[in-house]
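S.K.: Following this message is one structure expressed as structure tokens.
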Amino acid sequence: MVAVVGVATIGLPVVFGGATTTAQATEPSPEFESDDSITQVDSQSEPADDIYLGDNGSAVLHYENDSEDLDKIDVGMDVSEGLVHMLVVDDVENPNEDIESANFSTVLNQQGLSGNGSMVMQQPDDLKDLTVDVSGEVSEDANEFNAGMSGSFNGENTSTGTVSTSGEIFTTADRFETNGEVSAETDTMGSGSNMYVDAAVTETKSGYTVDVTQERNLSQWTASQWETRDQAKQALQDQYGMLATSLNGTSEIEITNYDFQNQSSGQSQLEIAYTVTYTGIDSGIEEQLTDQLVSDESADLTRSEAREIATSVTEVNLETISFMMDVNEGSVDAKWDIAIANYDELTLSMFDLMEATNTTGQLPQEQLENARKSIEAQQAANLESTFTWDGSVEQASSGDLSFNATMTGDTKNWNAYIDELESRDVEPPNDVTFDLTAETDGDELSMDGEFKLEAKELAGQTIKSWAQSIQNSQSSTTMSPKTEEFVSALNESELKVTRIDAGLKDGTVRVEAGAQFENMSEITDTVSESLSVSGVATEQHNETTSMYVYVGDMDGIDTASATKADLEQLSVVGPETTVHQAGEWEDDFPRPDTDAMSKFLETETEDAAKDDENADGTPGFGIGAGLASIAGLLTALVLRRRG
């Protein structure tokens, strides 16, 4: 019967393991085997050590367990208040001496998900210095991201080299621009692979032009195609003319510079500059794309509708597309500059196509419609997004490796965009803030991080999503009736809040977790058809922990006059169970401390992590992993069999 605590606490890993589901993250559906069901533990639990009968159908079940492996354990549950809580403190076996202290704290409630953590550890031997600062915000007022990091490491590689890159990406609802450069230089890069190419594509009224300047080495097998200007022109016509022919257009080649040199090494060197002029290929693109869309049975488009989509493709304006790469004697340099505009109609046409092909309903119509409205809102608000980066890595002859990088992301007219979304009845993005810092100081490395996601009714939606994913998973066909009952109860339990704090300091780990459900009885009622559990409390003396399970109804038995013989059919009664009749014992047992449980759940995460030194938490606790560990520990405790 004490498995009821395991049932209540199993909601903790359930909730945190699936928290990102309602935050629109994509995760695989969890496996759920029927023999894993916590609802089956009633038949596996040991009988109580003592049963204290009340005079109103109630009873207190007492279980005594050896807890010498734990410095402290405290478990509490109050079904009427929907509260469950657990605290475990223990010394770590073979602690990692590099970690001096750490903390982790997370809260999931009906307003969202928040958490923070920090760690101080000995600086790794290979790390000379490190500075990291990453922050971001998505709210009604801003959508921005900033990151900066630098550091150096000791190394054994004696080669030298540098790699650097910088650039920018700029987007609006109908314009895309990007430009940047990459360069690399190393003393291990051999010569003989020199190459230079500079290419640009420009749109004209009648078609497109491609301008290319190229320098490269030719092998003896390909040199014969480029030995004369006429041969080079024919080779280029074969290369570019095929595209024009396939699209019912024409292409013209003009060579503006030509130099072919045979070299003693058996290779040849070609320097060439030329222009390719395409004419009339847009109509070919439109015709072929129209034919393909009409012939696609899944699209269900008329020729007029298909023609409209095809026309939106050719109406995209290729303002600038240029690329340069130079490989020369141990160095590589590359640059690009791209600007594409007037693709707003194409974007909306793609939504038309998706709606036409979505005959099986794989994409919800509401989702498609909201996506279309989001694009329209971007257009109306003239939303602009910019992302920039600048970074470098350098390898010194001493073997030391150093790096430096910055990245920024920002938007303009974000407020107007949010207003446009709301005017179209589209929910704006959830508010998100995050911050991560890391820094070396002397012989220590310290890290701090925090995050906050605001989302309405997130806790309740999370546990419902988890339960529904279990019911819809492949393993649902193998679930027992009791498991199905538990999952259904979990779906109806209406989680309000759950929290976990974990800490590690001076070789001692401290883990505290709690949760509150609107309808906890939905869960506890699945444990037993005969007993109605109302609460759980524990107390610890030396190396022994006593757990008291409060039962409001003992299967309808009149406990005021009952004896052990009247209870023997219950699974909580065994040969060694001592039954204390009503009126023959004093009620001095510990009670669930609902005030302390509520206070723990109401305390702000930031205060707990920063002000409570003993609450420093273990790093690396994923949200799900940490709470799963708690539930596993608690369940193992309450289900422990005596040899």
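S.K.: Quick one: in segment 154-199, of everything that is modelled with pLDDT under 95 and of a type in the set (Asp, Glu), which residue is surrounded by the fewest Cβ atoms within 10 Å (Cβ to Cβ)?
M.R.: Residue satisfying both the conditions and the ranking: GLU156.
S.K.: Next question, about the same structure. Out of the residues in segment 388-412 that are open to solvent by 70 Å² or more (accessible area, probe 1.4 Å) and closer than 29 Å to GLY180 by Cα, which is nearest to the chain's Cα centre (by Cα)? Quick ask: steps written out before the conclusion?
M.R.: Going through segment 388-412, the residues open to solvent by 70 Å² or more (accessible area, probe 1.4 Å) turn out to be 390, 394, 397-398, 404, 410, 412.
Now restrict to residues that are closer than 29 Å to GLY180 by Cα: 390, 394, 397, 404, 410, 412.
Working: ASP390: 25, GLU394: 31, SER397: 39, ASN404: 26, ASP410: 21, LYS412: 26 Å.
Going through the qualifying residues, I end up with ASP410.
S.K.: While we're here: Which residues, counting only those in segment 529-546, are under 38 Å from the mean Cα position of the chain (by Cα) and open to solvent by less than 40 Å² (accessible area, probe 1.4 Å)?
M.R.: Going residue by residue through segment 529-546, those that are under 38 Å from the mean Cα position of the chain (by Cα) are 533-538.
Scanning segment 529-546 gives VAL533, GLY535, VAL536, ALA537, THR538.
S.K.: In this structure, does ASP291 turn out to be over 30 Å from THR386 (Cα atoms), in a strand (DSSP E or B) and in the same structural domain as TYR208 (by the TED database)? Walk me through it before giving the result.
M.R.: Values: over 30 Å from THR386 (Cα atoms): yes; in a strand (DSSP E or B): no; in the same structural domain as TYR208 (by the TED database): yes.
No.
S.K.: While we're on this one: Regarding segment 219-234, can at least one residue be identified that is under 23 Å from ASP326 (Cα atoms), modelled with pLDDT under 90 and small (Gly, Ala, Ser)?
M.R.: Yes, some residue in segment 219-234 is under 23 Å from ASP326 (Cα atoms), modelled with pLDDT under 90 and small (Gly, Ala, Ser).
S.K.: If you don't mind, there's one more thing I want to ask. It is to be established whether one or more residues within segment 320-336 are in contact (Cβ under 8 Å) with a residue 40 or more places away in the chain, over 21 Å from GLU420 (Cβ atoms) and within 30 Å of the chain's Cα centre (by Cα). Before the answer, list the steps.
M.R.: Residues of segment 320-336 in contact (Cβ under 8 Å) with a residue 40 or more places away in the chain: 320-336.
Checking the rest, the ones that are also over 21 Å from GLU420 (Cβ atoms) come to 320-336.
Those still in the list that are within 30 Å of the chain's Cα centre (by Cα) too: none.
The answer is no; no qualifying residue exists.
S.K.: Here is a follow-up. Working only within segment 563-577, note down all residues that are outside any loop (DSSP other than H, G, I, E, B) and surrounded by 12 or more Cβ atoms within 10 Å (Cβ to Cβ).
M.R.: The first filter runs over segment 563-577 and keeps only residues outside any loop (DSSP other than H, G, I, E, B), leaving 564-566.
Once the filter is applied, which keeps residues that are outside any loop (DSSP other than H, G, I, E, B) and surrounded by 12 or more Cβ atoms within 10 Å (Cβ to Cβ), segment 563-577 yields LYS564, ASP566.
S.K.: While we're looking at this one, here's another question. Could you tell me how many of the residues in segment 111-135 are over 24 Å from GLY151 (Cβ atoms), open to solvent by less than 60 Å² (accessible area, probe 1.4 Å) and part of a loop (DSSP other than H, G, I, E, B)?
M.R.: Residues of segment 111-135 over 24 Å from GLY151 (Cβ atoms): 111-115.
Restricting the remaining residues to those that are open to solvent by less than 60 Å² (accessible area, probe 1.4 Å) gives 112-115.
Adding the requirement that they be part of a loop (DSSP other than H, G, I, E, B) leaves none.
Residues flagged as over 24 Å from GLY151 (Cβ atoms), open to solvent by less than 60 Å² (accessible area, probe 1.4 Å) and part of a loop (DSSP other than H, G, I, E, B) within segment 111-135 amount to 0.
S.K.: Just name the residue that is nearest to ALA102 (Cα to Cα) out of those in segment 487-519 that are surrounded by fewer than 24 Cβ atoms within 10 Å (Cβ to Cβ) and of a type in the set (Lys, Arg).
M.R.: Among those residues, the one meeting the criterion is LYS505.
S.K.: Which condition does SER423 not pass, out of (1) open to solvent by 60 Å² or more (accessible area, probe 1.4 Å); (2) under 28 Å from the mean Cα position of the chain (by Cα), if it passes all the others?
M.R.: (2)
S.K.: Any idea which of (1) assigned to a strand (DSSP E or B); (2) open to solvent by 30 Å² or more (accessible area, probe 1.4 Å) is the one ALA102 doesn't satisfy?
M.R.: Going through (1) assigned to a strand (DSSP E or B); (2) open to solvent by 30 Å² or more (accessible area, probe 1.4 Å) one by one, ALA102 breaks only (2).
S.K.: Under the condition of being out of contact with any His (no Cβ under 8 Å at 6 or more places or on another chain) and assigned to a strand (DSSP E or B), which residue from segment 30-65 is modelled with the lowest pLDDT?
M.R.: At the first step, the residues of segment 30-65 found to be out of contact with any His (no Cβ under 8 Å at 6 or more places or on another chain) are 30-47, 54-65.
From what's left, assigned to a strand (DSSP E or B): 59-65.
Numbers: ALA59: 94, VAL60: 95, LEU61: 95, HIS62: 95, TYR63: 94, GLU64: 91, ASN65: 86.
Ranking the qualifying residues of segment 30-65, first place goes to ASN65.
S.K.: Go through (1) in contact with a Ser or Thr (Cβ under 8 Å, 6 or more places away or on another chain); (2) assigned to a strand (DSSP E or B); (3) of a type outside the set (A, V, I, L, M) for GLN269 and report which single condition fails.
M.R.: The one condition GLN269 does not meet is (1).
S.K.: Exactly one of these conditions fails for THR526: (1) assigned to a loop (DSSP other than H, G, I, E, B); (2) surrounded by fewer than 17 Cβ atoms within 10 Å (Cβ to Cβ). Give me its number.
M.R.: (2)
S.K.: May I ask you to list the residues in segment 234-282 that are on the phi > 0 side of the Ramachandran plot and touching a Leu at 6+ places or on another chain (Cβ under 9 Å)? Lay out the reasoning, then the answer.
M.R.: Here is the first cut: in segment 234-282, the residues on the phi > 0 side of the Ramachandran plot are 248, 266, 280.
GLY280 - this is the single residue of segment 234-282 that is on the phi > 0 side of the Ramachandran plot and touching a Leu at 6+ places or on another chain (Cβ under 9 Å).
S.K.: Against the condition of a type in the set (Val, Ile, Thr) and either over 20 Å from ASN65 (Cβ atoms) or part of a strand (DSSP E or B) (or both), how does VAL536 come out, does it pass? Please lay out each step first, then the result.
M.R.: Details: of a type in the set (Val, Ile, Thr): yes; either over 20 Å from ASN65 (Cβ atoms) or part of a strand (DSSP E or B) (or both): yes.
Considered against the rule, which asks whether it is of a type in the set (Val, Ile, Thr) and either over 20 Å from ASN65 (Cβ atoms) or part of a strand (DSSP E or B) (or both), VAL536 comes out as yes.
S.K.: Which residue is least open to solvent (accessible area, probe 1.4 Å), if the candidates are limited to segment 289-316 and must be within 26 Å of ASN382 (Cβ to Cβ) and over 36 Å from the mean Cα position of the chain (by Cα)?
M.R.: Taking segment 289-316 first, the residues within 26 Å of ASN382 (Cβ to Cβ) are 308-309, 311-316.
Filter once more, so that each one left must be over 36 Å from the mean Cα position of the chain (by Cα): 308, 311, 314-315.
Values: GLU308: 122, THR311: 38, THR314: 17, GLU315: 94 Å².
Only one residue fits best here, namely THR314.
S.K.: Mind checking which residues of segment 448-471 are in a helix (DSSP H, G or I), at pLDDT 75 or above and not charged (D, E, K, R)? Before you say what the answer is, go through the steps one by one.
M.R.: The first filter runs over segment 448-471 and keeps only residues in a helix (DSSP H, G or I), leaving 458-471.
If we keep only those that are at pLDDT 75 or above too, we end up with 458-470.
LEU458, ALA459, GLY460, GLN461, THR462, ILE463, SER465, TRP466, ALA467, GLN468, SER469, ILE470 - these are the residues of segment 448-471 that are in a helix (DSSP H, G or I), at pLDDT 75 or above and not charged (D, E, K, R).
S.K.: Step by step: first the residues of segment 50-65, then only those that are under 17 Å from GLU576 (Cβ atoms) and of a type outside the set (A, V, I, L, M), then the one that is most open to solvent (accessible area, probe 1.4 Å). Which residue is that?
M.R.: Among those that are under 17 Å from GLU576 (Cβ atoms) and of a type outside the set (A, V, I, L, M), it is GLU64.
S.K.: Counting just the residues of segment 235-263 that are in contact with a helix residue (DSSP H, G or I) (Cβ under 8 Å, 6 or more places away or on another chain) and more than 28 Å from TRP336 (Cβ to Cβ), which one comes out least open to solvent (accessible area, probe 1.4 Å)?
M.R.: PHE260
S.K.: Which condition does GLY284 not pass, out of (1) more than 26 Å from TRP226 (Cβ to Cβ); (2) open to solvent by 30 Å² or more (accessible area, probe 1.4 Å); (3) of a type outside the set (Val, Ile, Thr), if it passes all the others?
M.R.: Unmet condition: (2).
S.K.: Moving to a separate point now. Mind checking which residues of segment 411-439 are in a strand (DSSP E or B) and without any contact (Cβ under 8 Å) to a residue 40 or more places away in the chain? Before you say what the answer is, go through the steps one by one.
M.R.: In the first step, residues of segment 411-439 are kept if they are in a strand (DSSP E or B); the result is 411-412, 432-439.
Once the filter is applied, which keeps residues that are in a strand (DSSP E or B) and without any contact (Cβ under 8 Å) to a residue 40 or more places away in the chain, segment 411-439 yields only LYS412.
S.K.: Would you be able to tell me the number of residues in segment 426-445 that are open to solvent by less than 40 Å² (accessible area, probe 1.4 Å) and more than 23 Å from ASP141 (Cβ to Cβ)?
M.R.: Total satisfying the criteria: 3.
S.K.: Here's a follow-up. Considering GLU81, GLU93, GLU27, GLU68, which residue is under 24 Å from LYS464 (Cα atoms), open to solvent by 10 Å² or more (accessible area, probe 1.4 Å) and modelled with pLDDT of 50 or more? Give the steps one after another, and end with the answer.
M.R.: On the way: GLU93 fails: under 24 Å from LYS464 (Cα atoms); GLU27 fails: modelled with pLDDT of 50 or more; GLU68 fails: under 24 Å from LYS464 (Cα atoms).
The conditions single out GLU81.
S.K.: Looking at segment 214-232 only, could you name the residues that are open to solvent by 60 Å² or more (accessible area, probe 1.4 Å) and touching a residue at least 24 places away in the same chain (Cβ under 8 Å)?
M.R.: GLU215, ARG216, GLN220, GLU227, THR228, ARG229
S.K.: Also: For a quick check of your reading: which strands (runs of 3 or more DSSP E) sit entirely within segment 303-410 and have at least 1 residues that are assigned by the TED database to the domain that holds SER283 and at pLDDT below 95?
M.R.: Details: elements: 317-328, 331-341, 384-395.
Of the strands (runs of 3 or more DSSP E) lying wholly inside segment 303-410, those with at least 1 residues that are assigned by the TED database to the domain that holds SER283 and at pLDDT below 95 span 317-328, 331-341.
S.K.: Which pairs have Cβ atoms under 7 Å, sit 6 or more apart or on different chains, and link a residue in segment 286-314 that is of a type outside the set (A, V, I, L, M) to one that is open to solvent by 80 Å² or more (accessible area, probe 1.4 Å) and outside any helix (DSSP H, G or I)?
M.R.: SER298/THR359; ASP300/THR359
The values are calculated or read from the model by the stated rules, or taken from the named source; none is laboratory data. Predicted model only: the values in this text are computed from it and were never measured. For neighbour counting, all protein chains shown are included, and Cβ atoms are generated from backbone atoms with ideal geometry for every residue, glycine included. Ligands, DNA and RNA are excluded from the accessible area calculation, which covers all protein heavy atoms including side chains. Shrake-Rupley method; radii C 1.70, N 1.55, O 1.52, S 1.80 Å.
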